[in-house]
Amino acid sequence: MRELILDGASWRTQDDVYDAFFRAVGAPAWHGRNFNALRDSIATGSINAIDLPYRLLIKNYDLIGENAKQMAAEFANLIREIASEGYPVQIRTENSNGAKPY
């Protein structure tokens, strides 16, 4: 399974989370910035340059800024929800020391 690495160290806003994911999957400029659009592009496919299967790794999770932390957690939960529906996607989070935050 392909692993896509997102580095949370510089995330300060919700847009930083979206931007990192969009870069990782090669999303088009017109991609919506909401969870319905994310769900559609991940589960349905044929929107981003990289389609499933893949594993997302968010590194430096403990360094994510306060204004982006909740968005990052909700994004990780969305990916887990999509995976629980049978889609071949995974997500892992890792702190700057290599430990898993949850």
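The values are calculated or read from the model by the stated rules, or taken from the named source; none is laboratory data. In this text the structure is predicted, and so the values were computed from the model without any measurement. A quick note on method: Cβ atoms are made from the backbone with ideal geometry, for glycine too, and the neighbour counts reach across all protein chains shown.
Does ARG33 qualify as being more than 15 Å from ARG2 (Cα to Cα) and surrounded by fewer than 16 Cβ atoms within 10 Å (Cβ to Cβ)? Against the criterion (more than 15 Å from ARG2 (Cα to Cα) and surrounded by fewer than 16 Cβ atoms within 10 Å (Cβ to Cβ)), ARG33 qualifies.
Conditions tested, residue by residue: (1) of a type in the set (Val, Ile, Thr); (2) at pLDDT 95 or above; (3) touching a Pro at 6+ places or on another chain (Cβ under 7 Å); (4) exposed (fewer than 13 other Cβ atoms within 10 Å of the Cβ).
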| residue | (1), (2), (3), (4) |
| --- | --- |
| LEU63 | no, yes, no, no |
| GLU66 | no, yes, no, yes |
| GLN70 | no, yes, no, yes |
| ALA73 | no, yes, no, no |
| ILE79 | yes, yes, no, no |
| TYR87 | no, yes, no, no |
| ILE91 | yes, yes, no, no |
| ASN97 | no, no, no, yes |
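Which residue out of ILE47, ILE42, ILE58 is crowded, with 16+ Cβ neighbours inside 10 Å and in contact with a Pro (Cβ under 8 Å, 6 or more places away or on another chain)?
Going through ILE47, ILE42, ILE58 in turn, the sole match is ILE47.
Residues that are of a type in the set (A, V, I, L, M, F, W, C) and within 12 Å of the chain's Cα centre (by Cα) number at least 3 in the following strands (runs of 3 or more DSSP E) confined to the chain: 2-7, 54-59. When region 52-84 is filtered for residues that are charged (D, E, K, R) and free of Cβ contacts under 8 Å to residues at least 24 places away in the same chain, the ones remaining, listed by number, are GLU66, LYS69, ARG80, GLU81.
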